[in-house]
1. Name the pairs whose Cβ atoms lie under 8 Å apart, with the first residue in region 240-263 and within 30 Å of Lys581 (Cβ to Cβ) and within 11 Å of ligand 1 (Cβ to nearest atom), the second assigned to a helix (DSSP H, G or I) and among the hydrophobic types (A, V, I, L, M, F, W, C), and 6 or more positions between them or separate chains?
2. If you go through region 43-52 one residue at a time, how many are touching a residue at least 40 places away in the same chain (Cβ under 8 Å) and open to solvent by less than 30 Å² (accessible area, probe 1.4 Å)?
3. Please find, within region 385-443, the residue that is nearest to Trp279 (Cα to Cα) out of those that are within 13 Å of ligand 1 (Cβ to nearest atom) and of a type in the set (Ser, Thr, Tyr).
4. Quick check on my filter: what residues within region 191-202 are surrounded by fewer than 18 Cβ atoms within 10 Å (Cβ to Cβ) and either within 19 Å of Gly163 (Cβ to Cβ) or within 16 Å of ligand 2 (Cβ to nearest atom) (or both)?
5. For region 456-477, how many residues are hydrophobic (A, V, I, L, M, F, W, C) and either open to solvent by 30 Å² or more (accessible area, probe 1.4 Å) or in contact with a Pro (Cβ under 8 Å, 6 or more places away or on another chain) (or both)?
6. Is region 531-550 home to any residue that is assigned to a helix (DSSP H, G or I), in contact with a helix residue (DSSP H, G or I) (Cβ under 6 Å, 6 or more places away or on another chain) and crowded, with 19+ Cβ neighbours inside 10 Å?
7. Looking at Ser42, is it modelled with pLDDT of 95 or more and within 30 Å of Asp465 (Cα to Cα)?
8. Within region 114-128, can you find the residues that are within 23 Å of Ala155 (Cβ to Cβ) and outside any strand (DSSP E or B)?
Amino acid sequence: MAGLQETGVGALGLWPRIRKDPAMLEPRPHLVDYAAVRASFSWEKARAALSGLPGGGLNIAHEAVHRHAQGPRAQKTALRWIGKDGSRHEFSYAQLSAEARRFASALRSLGAAEGERVFLLLGRVPELYVAMFGALSAKAVVSPLFSAFGPEPIATRIGMGQGAVLITTPELYRRKVEGIRANLPSLRHVVLVERAGEAEPVAGTIRWSELVSGASPDFAVPPTDAEDLALLHFTSGTTGRPKGAVHVHGAVLTHYVTGLYALDLHEEDIFWCTADPGWVTGTSYGVIAPLVHGVINLVVEAEFDAQSWYGILASEKVTVWYTAPTAIRMMMKLGAEAVRGYDLSALRFMASVGEPLNPEGVMFGVEAFGRPFHDNWWQTETGGIMIANFAAMDVKPGSMGRPLPGIEAAIVRREPDGSVTQIEEPMVEGELALKKGWPSMFRGYLGEEERYRKCFADDWYLTGDLAKKDEEGYFWFVGRADDVIKSAGHLIGPFEVESALMEHPAVAEAAVIGKPDPIVGEVVKAFVALKPGFAASEELRRDLLGHARKRLGPAVAPKEIDFRDNLPRTRSGKIMRRLLKARELGLPEGDLSTLESDERPVAQGPAAGPLPAENRPGDRP
Ligand code: ATP
Ligand code: MG
């Protein structure tokens, strides 16, 4: 990674800045004077906004739920749940607290000790939230798994995490767990959340209703140190085999601070995070941060569907919405017109995370919703948002924004002796690094001590992402270190090339890779999925190549373009460039446990398109 340099054309910089006037924003954002807030910020001072346990110490469940249940928010709605069938359920903070305490007692009755791992394999059902806060109250370590995982990824994760208890449903148990249970010696108990009509007992399992009905809601959260382990999250597997990142109870301070500054949560907000708690975003922001702030947290059980999402935003009067580029790209396919007719006047802030958000995506927000999507950057390892576009700050489309108060981010170069040097010069590429020590920093990779140690050098955590920083301190994502393309002495970031392709009216999605070339080292190859109404043709290919050359210059523009119906992506919605590359080069495909949709060359005709659920590779036993 030595010798990084800026690559020629700044396609992203051509987009106009979106100016903000903080005086016009209602309610007044928590972060207006960025420099002043940063200068006066300290984690110790921020800690005063949390209560701490009665005897001292910090427990996530106490900060998110129990303390509100004992105060003026007791009867306020904590979770507003909308089921797949349209049914609704509201949990007040007091109810959620009582249910969680009851579940904590139940866990104890099963003999689950502090520090033992409790896995959750549930869709977004109310019991997921009860179980998560119950287990955290009991100081178990919680690991939520995405419910669409197949048996193999489930077995790997429970095995790696030495899961003692699994909470799932009868249906998921029969389809995915029963067959692998014999291989999971650590798993002592399986609790099944049954629905009406599922009364049949299942051998070797315990019914949720029976377990909790006799349990006491008087459970007292034991003393919890901020450094006690709380959560185990597996990464998305975009670059290789997923890693298990462990987090501590003290992470809740990051959840609070980022909810305040990056999501700008206010007491009266109705907040909707569309991510599933099986991924870190869905836990940190779909469960914990909004409740720490005492707002109404909307939970939608159903999967993505643009029209029903617009309907929910309107009818639920969502004020702050946190989603992902993969969903935004799907909405873009339908066009801004699809949003017309919905009353979205309550919506005041929209944010995105998970992948780079192309300028086109930021501007789609303006066109369709009258406000930009605010990109922010973080990782499973960081536990919370690290770099963000804040409500009161000008947006430069294509930039991930600026570091949160309390977070020091830098662009660095790794030296051969293992040390790192900060690159001070603006807009020079290097690795994105964070100064160690923020509260939600991961405390290890499960069973991979050496790999964890290698993430740190001097006082820095090295993220594995490449970025650059401009004169105003805005960070610009370049690509993952693994995905960067080296061509004729240039280092080319895939994001810049993909963003330029996305500007073309026919392009719905783009992914680029480096393809070995004897003369220039690597050439840029692009894979493109088209918007509805556009068909792949030689003429379109030439047009796209021409557009990219004009926008990026011949050194950076793709030399080859292939059309695809779909691009391969992880179940958390990220494009898997490594798989495109492995297939292009005929190399082994590597770990596919998180692969969701698969690519299909357009030439395959009408049979192409999304695979039926049972054929998805990730679901294979
Ligand atoms: P794995 O580590 O297993 O390969 P992953 O890195 O995709 O998977 P996550 O922790 O879910 O797993 O994702 C974090 C990564 O996602 C970041 O390191 C970055 O590459 C990408 N990412 C997240 N948000 C953004 C963003 N706003 N802009 C650009 N990239 C982002
Ligand atoms: Mg990663």
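1. Short answer, once both residue conditions are applied: Gly244/Met160; Ala245/Val280.
2. Of the residues in that region, 2 qualify.
3. Residue satisfying both the conditions and the ranking: Ser440.
4. Within region 191-202, the first condition is being surrounded by fewer than 18 Cβ atoms within 10 Å (Cβ to Cβ), and the residues that meet it are 195-202.
Scanning region 191-202 gives a single hit, Val202.
5. Taking region 456-477 first, the residues hydrophobic (A, V, I, L, M, F, W, C) are 456-457, 460, 462, 466-467, 475-477.
Next, from what is left, pick out any that are either open to solvent by 30 Å² or more (accessible area, probe 1.4 Å) or in contact with a Pro (Cβ under 8 Å, 6 or more places away or on another chain) (or both): 456, 475, 477.
Total satisfying the criteria: 3.
6. yes
7. yes
8. The answer is Gly115, Glu116, Leu122, Gly123, Arg124, Val125, Glu127, Leu128.
The values are calculated or read from the model by the stated rules, or taken from the named source; none is laboratory data. None of the values given here were measured: they were computed from a predicted structure. Counting neighbours? That spans all protein chains shown, and the Cβs are built from the backbone with ideal geometry, glycine included. Just the protein is used for accessible areas: all its heavy atoms, side chains included, with ligands, DNA and RNA removed. Shrake-Rupley method; radii C 1.70, N 1.55, O 1.52, S 1.80 Å.
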